[in-house]
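Please read the structure below before turning to the comments.
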Amino acid sequence: VCSSDLAGSPRIGGNFDLLCDAFMLCALESGNIVEKINCASKKIAHALHAIIVKNHDGQCAYHDDMEEIMQKLIGADVIVMDRTVYVYSISTQLKTVINRF
């Protein structure tokens, strides 16, 4: 099983980041292929209106780290999203990835 773990916390080394690492360790020990994607350390532009995307032959107008992340998520059998709770919602970094996906 190939898994992508979207780390949503902007605090590298924080509680949710450590929890993400613990999940990855268990998955790796079970023989899975796991990759952690730290959303806060990636350059990801906010989602664009569909008309802008359409004007670029259906390709995204931005050429940022989301292109690489998208391919990894599409190829994954399992996607795990860890998130901290900010004012009853997810972090901006993780929300941006979800919106672009």
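The values are calculated or read from the model by the stated rules, or taken from the named source; none is laboratory data. Fair warning: this is a prediction, and the values are worked out from it, not measured in the lab. Every residue, glycine among them, receives a Cβ derived from its backbone with ideal geometry; neighbour counts consider all protein chains shown. When the accessible area is computed, the model is the full protein with side chains, heavy atoms only, and any ligands, DNA or RNA have been set aside. Shrake-Rupley method; radii C 1.70, N 1.55, O 1.52, S 1.80 Å.
Assorted remarks:
- The listed residue being among the polar types (S, T, N, Q) and touching a strand residue (DSSP E or B) at 6+ places or on another chain (Cβ under 6 Å), out of Ser41, Ser30, Ser4, Ser9: Ser4
- Residue list for region 91-101, restricted to those being open to solvent by 40 Å² or more (accessible area, probe 1.4 Å), touching a Ser or Thr at 6+ places or on another chain (Cβ under 9 Å) and not basic (Lys, Arg): Gln93
- Restricting region 30-46 to residues that are surrounded by 15 or more Cβ atoms within 10 Å (Cβ to Cβ) and under 11 Å from the mean Cα position of the chain (by Cα), the residue that is farthest from Asp64 (Cα to Cα): Lys36
- Residue check for Ile51: open to solvent by 90 Å² or more (accessible area, probe 1.4 Å) and at pLDDT 80 or above: no
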